[in-house]
1. For residue B:301, what is the net charge nearby, where nearby means another residue's Cβ is under 14 Å from its Cβ and Lys, Arg count +1, Asp, Glu -1?
2. How many Cβ atoms of partner chains, on average, are near each residue of B:343-352 if near means within 10 Å of its Cβ?
3. Reachable aspartates and glutamates from residue A:190, Cα under 13 Å, same-chain residues fewer than 8 places away excluded?
4. Convex hull volume of the Cα atoms in chain B, per residue, in Å³?
5. Just reorder B:219, B:381, B:31 by solvent-accessible area, largest first, 1.4 Å probe, all chains present.
6. Residue B:363 to residue B:220: extension gain in nm, 0.36 nm per residue of separation minus the Cα-Cα distance?
7. Past 32 Å, Cα to Cα, is the threshold; run A:371/B:400; B:26/B:238; B:150/B:240; B:145/B:295 against it and keep the listed order.
8. Taking all protein chains together and a probe of 1.4 Å, list B:92, B:167 from the most accessible to the least accessible.
Amino acid sequence: MAELSATPSVQPGSAGLAPLPASPRLRRAWGPAFEAILIPLGAILLALVLFGLFCKAQGQDPFKVYASIYKASFGSWFAFQNTLMRTAPLMLTALCTALPARLGMIVIGNEGALVMGGIGAVIAGLAVPAWPHHLALGFMALSGIVWGGLWISLSAGLRQYRGVNETISSLLLNYISIAILNHLVNGPMKDPTSLNKPSSFPIAEEIMLGRITFGDFTMRVHWGLAFGLVACVILWFLMQRTTFGFQARFIGANPKAARLGGLPVNRTTLITCFLAGGCAGVAGMVEVAAVHGRANESLAAGFGYAGILVAFVARFHPLAIVPVSLLLGGILASSGILQRAHKLPDSTSLVFQGLVFLVILFSDSLYGRFKIFKP
Amino acid sequence: MTLIPPENLERFTQAPASLDLYRITKKFGDFTAADEISLTVPPGTVHALLGENGAGKSTLVKCVMGFHPATSGEIMVGGHVREIQHPSDARKYGIGMVYQHFTLVPSMTVTENLVLSRPDVPAAVNWKRETARLEEFMATEAPFKVPLHKRASELAAGEKQKTEILKQLYLKSRILILDEPTSVLTPAEATEVLALLRQMTVAGRLSIIIITHKFREVFSFADDVTVLRRGKLAGQGKVKDLDRDSLAAMMMGGTSSAKPVPSAPRATTSTSSRRTALRVKQLSVLGDNGLTAVKDVSFELAEGEVLGIAGVAGNGQRELMEVLGGQRPAATGSLEAHGQPYHGTRRDILAHQFHTLPEEPLRNACAPMLSMAENIALRTFDQPPQARWKWLLNFRAIRKSALPLIEAYSIKTRGPDTPIRDLSGGNVQRAILARELSTLPLKILVVSEPCFGLDFAATDFVHQKITEARDRGVAVLVVSSDLDELLKITDRLLVMSGGQITYETPTATADLAVIGTHMAGHG
């Protein structure tokens, strides 16, 4: 009894974070969920304040800057579609970091896997220009998955069998994949008509990925958005609801205990990383099949790196990736307006992303620190 | 508490020191790790502290060193009662410790290591002066030489240990506590180091407490010996008045008290006629340091038998356990379950119903972040009803199957969804025991330290469960450093020492003294 009374139960509101369920039962059920939502939100708020100070230092009114960002990302249907177009690849590349994170790995080879997926999709698309539309797209997507998947599996294999740190190897593989892309579009795959911007031959117009249409209503947004949404839901289901996901989570929590249960640690790791890379590969396929129509250096536009940020902000939760991608897609979509309306350099949005990333990483150290969330 | 002025301190530390512990008690919560232990180390003597793992030796010594102040009791240094609340207090009174593992910085030279160890390292070190001073110390005071300019990484193990001892002399320690100082040394190195220490005590420069498992060291180097057992004083005396058997008896808790008591009616069939469930064939295993930890171990485990492996912890049991649990590859040799090769894959585990429960379950057998129910489901999550169509998880079934186990094993938890790391150590142990023992078709069970951290009632409960399992034909292997436990529940005993099985005996006719000497590495 003495032990029990030594740690008095938390008084609601005593920590200054008032609006939480007061009853212990509610708090037990929702405390962790509130923690998982409020801490990232608080972190983003802090990042907003820091970015505001940055704008102030640049001689801009931060509130006007935020108003512009909002207008350029969510302010109109046109702006919102711009945001959605950026959301699609972000969801897919974010999964490339989020899935291996369940296994306790930090993979940051998203950009490389996206590029390899793009290359794979172009090769597949060039190989079957006359196939029926859906079949050709399916083939391209499959090729993107395989190329991107094998790329990240390489990192996983190096880790499992050779003890190479997966963060370093996947980062370095990014540079290699971009070099491979440059080699291909300047050499064997070069379209002689692409002079200023060396590119591969274009894939046939008939097998491009179209825009989302509902009856008469056509969006400017391509079907890649649906790919991203579906991937997030499927992979959430795989990780949370299936025996495979259970294995992966158990391995992530303690590989030694997983071995005790006879779980195939190496196989599960390789498969998970293949799926992760496959997602980024699909992002590359979407960029090729829906946006560029060919492979060139525009593939490495930074969606991979931004995906790392999304995964961290979403705390590696596949479903949380969807809203976070939307948010970051909005920030990316508004980078132009910062330059035009506020004379801020367009890399300003990178400053913002960087701030968010740092603050989110910092906020990771806060979990479990607030008594108010404790059941 | 009086602070000694520096000039007196110098004189004080020069004097031959004695150390008296008077009724030292250390409690951790409800658990009493050391219970009213008194011992005396007269100036210039070696006092051996003997006992099994968890007997309270380290706890006692840590009280003296100020790592965790004693709950009650008094420490006297040189005849004065001293309050030791912090390691710096111990240093002030001239008490120094040499650890089992080296504390030298490998990339630094011996000189740098020695200077670094001083409590008052100046911000800018005048290396010329320090080197000169150290060289003088080496020439005049040091009883043995170590190369000052060499890097610690270039020294042999024996030289490193000598440097550690020299460091204590350099720091003007007059009472030295050595925690298994020879466990990392070869026998020749051990003899040399201990002989040097012995010389220094005879010369009246040091008083020594040495923690050890090895009888040989007690008989060759110690003047007095204190035996601890489960936190209590089990025996004390002059080494010259004791012999091996009486020491072994003290360590094991007295030959008279621990009679093997089979706790359930035994099957009448003899071991030889039963089917072999598990066969370990010439198994050798490398430890974390790449050295052979298990050497050429072979044994058989029959159905309906409880086989015990006794031994002082750190003699290869952990590595053996990890191979049996599929957590560590074998270097050579093989495992056979029910006559078939066994590789520890999930299919093998299921086919042979071979469950392993390693020591420290939270570290070795749990996913700490996952819920208790999920941890309990480790063995069954891919079987119906917890899995539908082989791959779809049924969380309701997982939770539901955890509930009766929480009840049956009286696990104290807020519910099956609590992350298992939030449970107390004893409750984690119960949860994992529930996982490994509750499967009905269980055929082979390997457990290590199954009752560590459990209270008496829970211990009895676990023993009863193990006996029940045996009686329904399960082959059970119990690895434990608690000999009483093994005597109580096993049918047959193996003793493991130095990575090898050195002795085998039926439990019913086991001779404690013989087991003790084999555990201590003789025989």
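1. Numbers: positive: B:274, B:275, B:279, B:281, B:443, B:470, B:492; negative: B:300, B:303, B:305, B:336, B:491, B:504.
Net local charge, residue B:301 excluded: +1.
2. Working: counts 1, 4, 3, 5, 2, 1, 4, 1, 0, 0.
Taking the mean over all residues of the peptide, I get 2.
3. Straight-distance partners of residue A:190: A:297.
4. On the way: hull volume 89.8 nm³, N = 523.
Once divided by residue count, the hull of chain B is 172 Å³.
5. On the way: B:219 65, B:381 0, B:31 130 Å².
So, going from the largest accessible area down, we get B:31, B:219, B:381.
6. Details: separation 143, 0.36 × 143 = 51.48 nm, distance 3.88 nm.
Stretched out fully, the residue B:363 to residue B:220 stretch lengthens by 47.6 nm.
7. In this structure, B:150/B:240; B:145/B:295 exceed 32 Å between Cα atoms.
8. Working: B:92 50, B:167 25 Å².
Final ranking, largest accessible area leading: B:92, B:167.
The values are calculated or read from the model by the stated rules, or taken from the named source; none is laboratory data. Since this is a predicted model, take the numbers as computed values, not measurements. Cβ: placed from backbone, ideal geometry, glycine included. Neighbour counts: every protein chain shown. SASA here: full protein model, heavy atoms, side chains in, ligands and nucleic acids out. Shrake-Rupley method; radii C 1.70, N 1.55, O 1.52, S 1.80 Å.
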